[in-house]
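Working notes, structure below.
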Amino acid sequence: MTKPLVYITRTISSELLRQYEENFRVKMWESEDTPVPRDVLLKEVAEADGLFCMLSDTIDAEVMEQGKNLKVIANLAVGYNNIDLLTAQEQNIVVTNTPDVLTETTADLTFALLMATARRIVEASDYVREDQWEDWSPFLLAGADIHHQTIGIVGMGRIGEAVARRARGFGMNVLYHNRSRKEVAENELQAEYVSFDELLKRSDFIVPLAPLTDETEEMFDAKAFDKMKESAIFINASRGQVVNEDALHEALSTKKIAAAGLDVFTVEPIRSDNRFVTLDNTVCLPHIGSSSVKTRTEMVHLCCENIVAVFQGETPKTPVT
Ligand code: NAP
(Lines give C-alpha, C1' and ligand atoms only; values in the text may rest on other atoms or scores of the structure.)
Protein backbone atom coordinates (compact mmCIF):
# COMPACT_ATOMS: atom_id res chain seq x y z
CA MET A 1 0.00 0.00 0.00
CA THR A 2 1.35 3.47 -0.79
CA LYS A 3 2.13 5.53 2.22
CA PRO A 4 0.13 8.73 2.70
CA LEU A 5 1.68 11.96 1.42
CA VAL A 6 2.34 14.97 3.65
CA TYR A 7 3.00 18.38 2.13
CA ILE A 8 5.19 20.62 4.32
CA THR A 9 5.04 24.33 3.51
CA ARG A 10 8.70 25.02 4.43
CA THR A 11 11.91 23.04 4.29
CA ILE A 12 12.37 20.94 7.42
CA SER A 13 15.64 19.01 7.75
CA SER A 14 15.39 15.41 6.59
CA GLU A 15 17.21 14.38 9.77
CA LEU A 16 14.22 15.52 11.85
CA LEU A 17 11.78 13.72 9.55
CA ARG A 18 13.70 10.46 9.15
CA GLN A 19 11.91 8.65 11.96
CA TYR A 20 8.53 9.17 10.24
CA GLU A 21 9.65 7.70 6.89
CA GLU A 22 7.78 4.50 7.65
CA ASN A 23 4.56 6.37 8.27
CA PHE A 24 4.36 8.90 5.45
CA ARG A 25 6.02 10.27 2.34
CA VAL A 26 7.00 13.92 2.31
CA LYS A 27 7.00 16.67 -0.25
CA MET A 28 8.00 20.16 0.82
CA TRP A 29 8.44 23.73 -0.32
CA GLU A 30 12.16 24.09 -0.98
CA SER A 31 12.83 27.12 1.20
CA GLU A 32 13.33 27.54 4.90
CA ASP A 33 12.87 31.31 4.85
CA THR A 34 10.17 32.18 2.33
CA PRO A 35 6.58 30.99 2.46
CA VAL A 36 5.17 28.73 -0.20
CA PRO A 37 3.48 30.79 -2.95
CA ARG A 38 -0.29 30.46 -2.92
CA ASP A 39 -0.51 28.84 -6.39
CA VAL A 40 2.09 26.21 -5.42
CA LEU A 41 0.25 25.45 -2.17
CA LEU A 42 -3.06 25.04 -4.03
CA LYS A 43 -1.43 22.69 -6.53
CA GLU A 44 0.48 20.60 -3.97
CA VAL A 45 -2.38 20.25 -1.48
CA ALA A 46 -4.47 18.54 -4.17
CA GLU A 47 -2.22 15.47 -3.88
CA ALA A 48 -1.73 15.53 -0.11
CA ASP A 49 -3.28 13.43 2.65
CA GLY A 50 -1.78 15.65 5.32
CA LEU A 51 -0.68 19.29 5.43
CA PHE A 52 2.11 20.46 7.78
CA CYS A 53 1.85 24.25 7.75
CA MET A 54 3.16 27.42 9.38
CA LEU A 55 1.34 30.33 11.03
CA SER A 56 2.26 32.44 7.99
CA ASP A 57 0.15 30.21 5.67
CA THR A 58 -3.53 31.07 5.21
CA ILE A 59 -5.36 27.75 5.24
CA ASP A 60 -8.85 28.73 4.13
CA ALA A 61 -11.80 27.08 2.37
CA GLU A 62 -10.08 27.35 -1.03
CA VAL A 63 -7.07 25.33 0.21
CA MET A 64 -9.29 22.71 1.84
CA GLU A 65 -11.50 22.38 -1.23
CA GLN A 66 -8.40 21.73 -3.33
CA GLY A 67 -7.16 19.23 -0.75
CA LYS A 68 -9.79 16.60 -1.44
CA ASN A 69 -7.76 13.88 0.35
CA LEU A 70 -6.73 15.96 3.36
CA LYS A 71 -7.23 14.20 6.67
CA VAL A 72 -5.08 16.38 8.90
CA ILE A 73 -3.69 19.91 9.06
CA ALA A 74 -0.84 20.22 11.57
CA ASN A 75 0.04 23.84 12.39
CA LEU A 76 3.55 24.56 13.69
CA ALA A 77 2.19 27.01 16.30
CA VAL A 78 -0.14 27.10 19.27
CA GLY A 79 -2.23 29.90 17.68
CA TYR A 80 -4.44 28.72 14.80
CA ASN A 81 -6.04 31.95 13.63
CA ASN A 82 -4.56 31.24 10.17
CA ILE A 83 -6.83 28.19 9.72
CA ASP A 84 -10.54 28.18 8.83
CA LEU A 85 -11.67 25.76 11.55
CA LEU A 86 -15.31 25.72 10.47
CA THR A 87 -14.49 24.50 6.97
CA ALA A 88 -12.04 21.95 8.42
CA GLN A 89 -14.80 20.60 10.65
CA GLU A 90 -17.30 20.47 7.77
CA GLN A 91 -14.80 18.52 5.70
CA ASN A 92 -13.80 16.18 8.56
CA ILE A 93 -10.21 17.40 8.53
CA VAL A 94 -8.49 17.18 11.92
CA VAL A 95 -6.58 20.34 12.87
CA THR A 96 -3.71 20.15 15.36
CA ASN A 97 -1.48 22.77 17.00
CA THR A 98 1.58 22.76 19.30
CA PRO A 99 0.57 23.89 22.81
CA ASP A 100 2.66 23.29 25.97
CA VAL A 101 5.99 22.48 24.26
CA LEU A 102 6.48 26.18 23.50
CA THR A 103 5.06 27.69 26.69
CA GLU A 104 8.26 28.29 28.68
CA THR A 105 10.30 29.38 25.64
CA THR A 106 7.66 31.92 24.62
CA ALA A 107 7.44 33.17 28.21
CA ASP A 108 11.24 33.61 28.23
CA LEU A 109 11.05 35.71 25.09
CA THR A 110 8.11 37.77 26.36
CA PHE A 111 9.96 38.55 29.58
CA ALA A 112 13.21 39.26 27.69
CA LEU A 113 11.33 41.72 25.48
CA LEU A 114 9.80 43.34 28.56
CA MET A 115 13.24 43.74 30.12
CA ALA A 116 14.88 44.93 26.90
CA THR A 117 12.17 47.56 26.43
CA ALA A 118 12.14 48.80 30.02
CA ARG A 119 15.93 49.01 30.35
CA ARG A 120 16.50 50.24 26.77
CA ILE A 121 18.88 47.37 26.02
CA VAL A 122 18.73 47.60 22.21
CA GLU A 123 19.26 51.37 22.26
CA ALA A 124 22.15 50.94 24.72
CA SER A 125 23.82 48.29 22.59
CA ASP A 126 23.50 50.50 19.49
CA TYR A 127 24.97 53.40 21.50
CA VAL A 128 28.16 51.43 22.11
CA ARG A 129 28.32 49.98 18.57
CA GLU A 130 27.91 53.44 17.07
CA ASP A 131 30.72 54.89 19.22
CA GLN A 132 28.48 57.36 21.00
CA TRP A 133 29.83 56.41 24.45
CA GLU A 134 32.14 59.30 25.37
CA ASP A 135 31.63 59.47 29.14
CA TRP A 136 29.61 58.14 32.05
CA SER A 137 26.71 60.39 33.01
CA PRO A 138 24.14 60.09 35.80
CA PHE A 139 21.04 59.55 33.66
CA LEU A 140 22.71 57.93 30.64
CA LEU A 141 20.06 55.72 28.99
CA ALA A 142 18.09 55.60 32.23
CA GLY A 143 15.11 53.28 31.84
CA ALA A 144 12.20 52.02 33.90
CA ASP A 145 12.37 49.60 36.81
CA ILE A 146 10.95 46.12 36.43
CA HIS A 147 11.23 44.78 39.98
CA HIS A 148 8.29 45.50 42.29
CA GLN A 149 6.28 47.08 39.47
CA THR A 150 2.82 45.90 38.41
CA ILE A 151 2.36 43.65 35.41
CA GLY A 152 -1.09 43.21 33.86
CA ILE A 153 -1.57 40.04 31.83
CA VAL A 154 -4.57 39.85 29.48
CA GLY A 155 -4.97 36.13 28.79
CA MET A 156 -3.72 34.20 31.82
CA GLY A 157 -3.39 30.88 30.00
CA ARG A 158 -0.35 28.61 29.68
CA ILE A 159 2.05 31.33 28.51
CA GLY A 160 0.39 34.01 30.66
CA GLU A 161 1.00 31.92 33.79
CA ALA A 162 4.60 31.21 32.78
CA VAL A 163 5.19 34.97 32.36
CA ALA A 164 3.50 35.60 35.73
CA ARG A 165 5.90 33.11 37.40
CA ARG A 166 8.86 35.04 35.99
CA ALA A 167 7.28 38.31 37.12
CA ARG A 168 6.83 36.97 40.67
CA GLY A 169 10.54 36.12 40.69
CA PHE A 170 11.20 39.82 40.11
CA GLY A 171 8.93 40.76 43.02
CA MET A 172 6.27 42.16 40.67
CA ASN A 173 2.58 42.47 41.51
CA VAL A 174 0.53 40.47 39.04
CA LEU A 175 -2.89 41.55 37.75
CA TYR A 176 -4.73 39.50 35.17
CA HIS A 177 -7.83 39.57 33.05
CA ASN A 178 -9.48 36.56 31.36
CA ARG A 179 -13.09 35.82 30.50
CA SER A 180 -13.06 33.41 33.45
CA ARG A 181 -11.22 33.48 36.78
CA LYS A 182 -8.31 31.12 37.37
CA GLU A 183 -8.04 30.18 40.99
CA VAL A 184 -4.80 28.27 40.48
CA ALA A 185 -3.12 31.45 39.25
CA GLU A 186 -4.63 33.44 42.09
CA ASN A 187 -3.46 30.98 44.77
CA GLU A 188 -0.06 29.99 43.38
CA LEU A 189 1.00 33.29 41.84
CA GLN A 190 -0.94 35.68 44.05
CA ALA A 191 -2.36 37.11 40.83
CA GLU A 192 -5.26 39.51 41.24
CA TYR A 193 -8.24 39.19 38.91
CA VAL A 194 -9.40 42.58 37.64
CA SER A 195 -11.57 44.00 34.88
CA PHE A 196 -9.89 44.92 31.60
CA ASP A 197 -10.24 48.64 32.40
CA GLU A 198 -8.78 48.29 35.88
CA LEU A 199 -5.83 46.33 34.49
CA LEU A 200 -5.16 49.10 31.96
CA LYS A 201 -5.29 51.79 34.65
CA ARG A 202 -3.14 50.08 37.28
CA SER A 203 -0.44 48.25 35.30
CA ASP A 204 3.10 49.45 34.63
CA PHE A 205 3.53 46.67 32.06
CA ILE A 206 0.58 45.54 29.94
CA VAL A 207 1.04 42.15 28.31
CA PRO A 208 -1.61 40.61 26.04
CA LEU A 209 -1.32 36.82 25.84
CA ALA A 210 -4.81 35.88 24.68
CA PRO A 211 -5.37 34.16 21.34
CA LEU A 212 -6.52 36.17 18.33
CA THR A 213 -10.31 35.74 18.08
CA ASP A 214 -13.24 37.92 16.97
CA GLU A 215 -13.44 39.05 20.62
CA THR A 216 -9.78 39.95 21.06
CA GLU A 217 -9.23 41.54 17.64
CA GLU A 218 -8.22 45.19 18.21
CA MET A 219 -9.00 44.82 21.93
CA PHE A 220 -6.19 47.33 22.45
CA ASP A 221 -7.63 50.38 20.70
CA ALA A 222 -7.36 54.15 21.25
CA LYS A 223 -9.71 53.97 24.26
CA ALA A 224 -7.53 51.29 25.85
CA PHE A 225 -4.31 53.27 25.37
CA ASP A 226 -6.04 56.39 26.79
CA LYS A 227 -6.66 54.51 30.04
CA MET A 228 -3.02 53.47 30.53
CA LYS A 229 -0.51 55.34 32.66
CA GLU A 230 1.86 57.73 30.87
CA SER A 231 4.68 55.52 32.12
CA ALA A 232 3.05 52.30 30.85
CA ILE A 233 5.03 49.85 28.73
CA PHE A 234 3.09 47.66 26.29
CA ILE A 235 4.58 44.24 25.45
CA ASN A 236 2.92 42.21 22.69
CA ALA A 237 4.01 38.64 21.92
CA SER A 238 0.51 37.31 21.18
CA ARG A 239 -0.74 38.35 17.72
CA GLY A 240 -0.47 41.73 15.98
CA GLN A 241 -4.19 41.92 15.31
CA VAL A 242 -5.14 42.15 19.01
CA VAL A 243 -3.93 45.75 18.69
CA ASN A 244 -5.19 48.63 16.61
CA GLU A 245 -1.78 49.61 15.28
CA ASP A 246 -2.82 53.19 14.37
CA ALA A 247 -3.86 53.74 18.00
CA LEU A 248 -0.67 52.15 19.34
CA HIS A 249 1.49 54.24 17.04
CA GLU A 250 -0.35 57.41 18.08
CA ALA A 251 0.05 56.51 21.79
CA LEU A 252 3.79 55.88 21.37
CA SER A 253 4.59 58.86 19.17
CA THR A 254 2.68 61.35 21.35
CA LYS A 255 4.15 59.74 24.53
CA LYS A 256 0.67 58.89 25.79
CA ILE A 257 2.43 55.69 26.90
CA ALA A 258 6.15 55.32 27.50
CA ALA A 259 7.28 52.43 25.30
CA ALA A 260 6.42 49.18 23.55
CA GLY A 261 8.07 45.86 22.84
CA LEU A 262 6.54 44.08 19.86
CA ASP A 263 7.23 40.54 18.64
CA VAL A 264 4.15 40.47 16.40
CA PHE A 265 2.54 42.81 13.85
CA THR A 266 -0.73 42.92 11.90
CA VAL A 267 1.17 42.36 8.66
CA GLU A 268 4.40 40.39 8.85
CA PRO A 269 7.22 40.65 7.98
CA ILE A 270 7.91 44.35 8.57
CA ARG A 271 10.82 46.28 7.06
CA SER A 272 13.29 48.76 8.56
CA ASP A 273 11.16 51.71 7.39
CA ASN A 274 8.12 50.43 9.33
CA ARG A 275 6.60 53.17 11.52
CA PHE A 276 7.27 51.19 14.72
CA VAL A 277 10.89 50.43 13.84
CA THR A 278 11.59 54.13 13.37
CA LEU A 279 10.26 55.05 16.84
CA ASP A 280 12.97 55.34 19.49
CA ASN A 281 10.69 54.03 22.29
CA THR A 282 9.83 50.73 20.60
CA VAL A 283 11.68 47.42 20.38
CA CYS A 284 10.66 45.28 17.39
CA LEU A 285 11.37 41.58 16.98
CA PRO A 286 10.62 39.26 14.03
CA HIS A 287 7.99 36.98 15.67
CA ILE A 288 10.48 34.73 17.48
CA GLY A 289 8.44 33.88 20.59
CA SER A 290 8.95 30.11 20.47
CA SER A 291 12.19 30.18 18.52
CA SER A 292 14.74 28.19 20.46
CA VAL A 293 16.35 25.24 18.68
CA LYS A 294 15.06 22.78 21.29
CA THR A 295 11.50 24.06 21.24
CA ARG A 296 11.20 24.36 17.46
CA THR A 297 12.55 20.78 17.22
CA GLU A 298 9.92 19.58 19.69
CA MET A 299 7.24 21.45 17.75
CA VAL A 300 8.24 19.68 14.52
CA HIS A 301 8.07 16.29 16.25
CA LEU A 302 4.69 17.10 17.79
CA CYS A 303 3.31 18.02 14.35
CA CYS A 304 4.62 14.74 12.90
CA GLU A 305 3.27 12.65 15.80
CA ASN A 306 -0.14 14.28 15.38
CA ILE A 307 -0.10 13.50 11.64
CA VAL A 308 0.86 9.86 12.27
CA ALA A 309 -1.90 9.48 14.87
CA VAL A 310 -4.56 10.74 12.46
CA PHE A 311 -3.29 8.46 9.67
CA GLN A 312 -3.52 5.53 12.11
CA GLY A 313 -7.09 6.43 13.02
CA GLU A 314 -6.12 7.56 16.52
CA THR A 315 -6.81 10.79 18.38
CA PRO A 316 -3.80 13.11 17.98
CA LYS A 317 -1.99 14.40 21.07
CA THR A 318 -2.98 18.03 20.57
CA PRO A 319 -6.08 18.48 18.45
CA VAL A 320 -7.64 21.92 18.14
CA THR A 321 -11.15 21.52 19.48
P1 NAP B 1 -4.01 29.47 26.23
O2 NAP B 1 -3.39 28.59 27.23
O3 NAP B 1 -5.21 29.03 25.47
O4 NAP B 1 -4.33 30.87 26.97
C5 NAP B 1 -5.09 31.87 26.42
C6 NAP B 1 -5.77 32.64 27.54
O7 NAP B 1 -6.47 33.74 26.95
C8 NAP B 1 -6.78 31.82 28.32
O9 NAP B 1 -6.48 31.88 29.69
C10 NAP B 1 -8.13 32.49 28.02
O11 NAP B 1 -8.92 32.48 29.21
C12 NAP B 1 -7.70 33.90 27.64
N13 NAP B 1 -8.67 34.54 26.74
C14 NAP B 1 -9.26 34.04 25.65
N15 NAP B 1 -10.11 34.94 25.12
C16 NAP B 1 -10.04 36.03 25.90
C17 NAP B 1 -10.69 37.29 25.89
N18 NAP B 1 -11.62 37.59 24.96
N19 NAP B 1 -10.37 38.18 26.84
C20 NAP B 1 -9.47 37.88 27.80
N21 NAP B 1 -8.82 36.70 27.88
C22 NAP B 1 -9.10 35.79 26.93
O23 NAP B 1 -2.95 29.89 25.10
P24 NAP B 1 -1.34 29.96 25.22
O25 NAP B 1 -0.75 28.64 24.90
O26 NAP B 1 -0.99 30.63 26.49
O27 NAP B 1 -1.04 30.94 23.98
C28 NAP B 1 -1.58 32.25 23.94
C29 NAP B 1 -1.31 32.92 22.62
O30 NAP B 1 0.06 33.30 22.53
C31 NAP B 1 -1.52 32.04 21.37
O32 NAP B 1 -2.87 31.97 20.98
C33 NAP B 1 -0.66 32.74 20.33
O34 NAP B 1 -1.42 33.67 19.61
C35 NAP B 1 0.39 33.48 21.16
N36 NAP B 1 1.75 32.94 20.93
C37 NAP B 1 2.69 33.72 20.32
C38 NAP B 1 3.97 33.24 20.11
C39 NAP B 1 5.02 34.09 19.46
O40 NAP B 1 5.88 33.56 18.76
N41 NAP B 1 5.05 35.38 19.68
C42 NAP B 1 4.31 31.95 20.51
C43 NAP B 1 3.33 31.16 21.13
C44 NAP B 1 2.04 31.67 21.33
P45 NAP B 1 -10.51 32.53 29.14
O46 NAP B 1 -10.93 31.44 28.21
O47 NAP B 1 -10.95 32.34 30.55
O48 NAP B 1 -10.88 33.87 28.65
**Asked** Quick one: what does P(r) look like for the chain with 20 Å bins over all Cα pairs, in whole %?
**Response** 30, 52, 17, 1
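For region 1-73, count all C-alpha to C-alpha pairs, find those more than 18 Å apart, and express that count as a whole percent of the total. Intermediate values should be presented prior to the final figure.
Details: 883 of 2628 pairs.
I get 34 percent for the Cα pairs in region 1-73 exceeding 18 Å.
Regarding region 153-208, what whole-number volume in Å³ per residue does the convex hull of its Cα atoms give? It would help to have the intermediate numbers written out before the result.
Values: hull volume 3.8 nm³, N = 56.
Enclosed volume per residue, from the Cα hull, is 67 Å³.
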**Asked** Given charges of +1 on the Cβ of Lys and Arg and -1 on the Cβ of Asp and Glu, with all other atoms neutral, how large is the dipole of region 75-127 about its Cα centre, in debye to the nearest 20?
**Response** 180
**Request:** Give me Rg over Rh for region 105-151, both radii from the alpha carbons and Rh done the Kirkwood way, two decimal places.
**Result:** 1.06
**Prompt:** Taking the inverse of the average 1/r across all pairs of different Cα atoms in region 265-305, what Kirkwood radius in Å do you get?
**Reply:** 12.4
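With 20 Å as the cut-off, how large is the P(r) tail for region 164-321, expressed as percent of Cα-Cα pairs? Intermediate results must be reported in sequence, preceding the final value.
Values: 7362 of 12403 pairs.
When every Cα pair of region 164-321 is considered, 59 percent fall beyond 20 Å.
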**Complete:** Quick calc of log₁₀ I(q)/I(0), region 34-121, Debye, one scatterer on every Cα, no solvent, q values 0.15, 0.17, 0.19, 0.20 1/Å, result -0.61, -0.71, -0.82, -0.87
**Top positive-direction residue, dipole computed over the chain with Cβ charges, set Ala237, Tyr176, Leu5** = Tyr176
**Message:** Principal axis extents for region 1-42, Cα atoms only, whole Å, descending order, please.
**Reply:** 30, 22, 8
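If you average the sequence gap of Cα pairs under 8 Å that are 6 or more apart and divide by the length of region 183-299, what percent do you get for the contact order?
Numbers: 170 pairs, mean separation 24.0, N = 117.
That works out to 21 percent.
Would you mind working out the accessible area per residue for region 92-193, using a 1.4 Å probe, and quoting it in Å²? Write out the running numbers ahead of the final one.
Details: 5600 Å² over 102 residues.
Heavy-atom SASA per residue in region 92-193 reads 55 Å².
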**Asked** Share of region 39-87's accessible area from carbon and sulfur, percent, 1.4 Å?
**Response** 52
**Request:** Report the charge-dipole magnitude of region 130-172 in Debye, nearest 20, computed about the Cα centre from +1 at each Lys and Arg Cβ and -1 at each Asp and Glu Cβ.
**Result:** 660
**DSSP beta bridges in the chain [antiparallel fraction, %, rounded to 5]** = 5
**Item:** Solvent-accessible area of Arg166 with every protein chain in place, 1.4 Å probe, in Å² to the nearest 10
**Value:** 50
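Suppose a student asked you for the relative contact order of region 1-104, using Cα pairs under 8 Å spaced at least 6 residues apart; what percent would you report?
Values: 180 pairs, mean separation 24.6, N = 104.
Averaging sequence separation for qualifying contacts and normalising by length gives 24 percent for region 1-104.
For every helix of n ≥ 4 consecutive DSSP H residues, a contribution of -39,500 (n - 2.57) applies; sum these over the chain, divide by its total residues, and give [θ] at 222 nm rounded to the nearest 500 deg cm²/dmol.
Values: 12 runs with 108 residues, N = 321.
One gets -9500 deg cm²/dmol as the mean residue ellipticity at 222 nm.
Roughly what percent of Cα-Cα pairs across region 188-249 reach past 14 Å?
On the way: 1081 of 1891 pairs.
Tail fraction, whole percent: 57.
Regarding region 32-186, what is the average projected area of its C-alpha convex hull, in nm²?
So the Cα hull casts an average projection of 13.4 nm².
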**Asked** On average, how much accessible surface per residue is there in region 7-54, in Å², for a 1.4 Å probe, leaving out ligands, DNA and RNA?
**Response** 55
**Asked** Among Val128, Val26, Val72, which one shows the biggest mean-square fluctuation in a GNM of the chain, springs joining Cα atoms closer than 10 Å?
**Response** Val128
**Fill in**
Carbon plus sulfur, as percent of the 1.4 Å-probe accessible area of region 125-268, comes to 47
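Quick one: net charge of Ile270's neighbours, Cβ under 12 Å, K/R +1, D/E -1?
Counting the neighbours of Ile270, the net charge comes to -2.
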**Segments 235-243, 50-58, 183-191 sorted - mean Cβ within 10 Å per residue, highest first** = 235-243, 50-58, 183-191
**Message:** Please list, in order along region 126-136, the HN-Hα scalar couplings obtained from phi with the Karplus expression 6.51 cos²θ - 1.76 cosθ + 1.60 (θ = phi - 60°), rounded to whole Hz, x for Gly and Pro.
**Reply:** 4, 4, 6, 4, 8, 6, 8, 7, 9, 8, 7
**Prompt:** What figure in square angstrom, to the nearest 10, would you give for the accessible area of Glu218 with a 1.4 Å probe?
**Reply:** 90
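How big is D for region 73-155, in µm² s⁻¹ as a whole number, if Stokes-Einstein is applied with the Kirkwood radius of its Cα pairs at 37 °C and 0.692 mPa s? Could you put the intermediate results ahead of the total?
Values: Rh = 16.9 Å.
Here the translational diffusion coefficient equals 194 µm²/s.
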**Prompt:** What size of dipole, in debye to the nearest 20, comes out for region 124-283 about its Cα centre when the only charges are +1 on Lys and Arg C-beta atoms and -1 on Asp and Glu C-beta atoms?
**Reply:** 520
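The values are calculated or read from the model by the stated rules, or taken from the named source; none is laboratory data. Note that this is a predicted model, so its numbers are computed, not measured. Note: ideal-geometry Cβ built from the backbone for every residue, glycine included; neighbour counts use all protein chains shown. Just so you know, the surface numbers come from the protein's heavy atoms only, side chains and all, with ligands and any DNA or RNA stripped out. Shrake-Rupley method; radii C 1.70, N 1.55, O 1.52, S 1.80 Å.
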